[in-house]
Amino acid sequence: MRGTVQWLISQFPDLTFEIEAIVADGDLVVARVRSRGTNMGRLNGFLPPSGKEFEYAQSHWFRVADGKLAEHWATRDDLSAMLQLGVVTPPRFGALLRQLRWAIPYFLRRKRLGRQGAKRS
């Protein structure tokens with residue numbers, strides 16, 4: 001755990017985690033967390049610092065056994081963070097048009113086939 005914290009802080013020295021909600025039931029604890037930070041160190045050890053900020057939500061599930069953390073699962077919105085940091089970019093308009101050029105005839109064929117099946121009934 002300490003290694004993970006050091007790795008994160010080396011990339012985002014101002015990293016904060018705000019617990020928005022926490023629920024416990026039996027041996028399970030669930031936390032909804034909002035993370036914020038500024039990329040001031042090499043991202044994942046190789047991308048140069050961007051100086052860009054990010055903010056995104058995540059949920060963490062913990063199973064506790066004998067008073068100790070036994071398991072941990074997380075659901076994070078990593079794509080949102082990577083978009084905000086400029087690591088990935090959203091699809092360009094041209095890419096969207098290419099997808100629609102394929103999708104529209106496909107859906108029209110399905111709709112036409114659906115009507116033909118209804119006429120036979």
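For segment 5-32, enumerate the residues that are β-branched (Val, Ile, Thr) and not in a strand (DSSP E or B). Even if it seems obvious, please write down each step before you answer.
At the first step, the residues of segment 5-32 found to be β-branched (Val, Ile, Thr) are 5, 9, 16, 19, 22-23, 29-30.
If the condition is that a residue be β-branched (Val, Ile, Thr) and not in a strand (DSSP E or B), then Val5, Ile9 are the ones that fit.
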Could you check segment 50-78 and list, in sequence order, the residues that are closer than 18 Å to Met1 by Cβ and either outside the structural domain of Asp14 (by TED's automatic domain parsing) or assigned to a loop (DSSP other than H, G, I, E, B) (or both)? Asp66, Gly67
Please find, within segment 10-55, the residue that is surrounded by the fewest Cβ atoms within 10 Å (Cβ to Cβ) out of those that are without any contact (Cβ under 8 Å) to a residue 24 or more places away in the chain and among the hydrophobic types (A, V, I, L, M, F, W, C). Phe46
Failed condition for Ala81, given (1) aliphatic (A, V, I, L, M); (2) over 17 Å from the mean Cα position of the chain (by Cα); (3) at pLDDT 80 or above; (4) part of a helix (DSSP H, G or I), with all others met? (2)
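The values are calculated or read from the model by the stated rules, or taken from the named source; none is laboratory data. Because the structure is a prediction, the values reported are computed rather than measured. With ideal geometry, Cβ positions are generated from the backbone for all residues, glycine too; neighbour counts draw on all protein chains shown.
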